[in-house]
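Just below is one structure, and these are the notes that go with it.
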């Protein structure tokens, strides 16, 4: 159904006292595009994290999230989600808190 047909159908079925105004547009932000972006960005983020840990052994959690998000061009929320997966029971990383600062390191 085209956008014009959808608007026509809405106007036909809506009450005269009700004002429904919205438009439907086709864009590339749908589920398929999000999956494609994830498939490209998550491996880059993982490489960034592993590189940082290989160089430094321990990295503050917030630093990995924010620097990784900037480096890969993703949101810090997405970076945190990726890192949470890496620190899961099956992941090879862990988060520790010596001195009240959360640190990410390889599991021992």
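Throughout, read-outs are computed from the coordinates displayed, never taken from laboratory work. Since the structure is predicted, the reported quantities are computational estimates derived from the model, not experimental observations. Cβ coordinates were reconstructed from backbone atoms using ideal geometry, including for glycine residues, and neighbour counts include every protein chain displayed.
The table below gives the values:
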read-out: For region 50-79 versus region 31-45, the gap between their alpha-carbon centres in whole angstrom; value: 17 Å
read-out: Pairwise label distance in nanometres, residue 102 with residue 36, each label 7 Å out on the Cα-Cβ vector; value: 3.3 nm
read-out: Cα gyration tensor, region 56-108 - rounded (a/c under 1.5), prolate or oblate; value: oblate
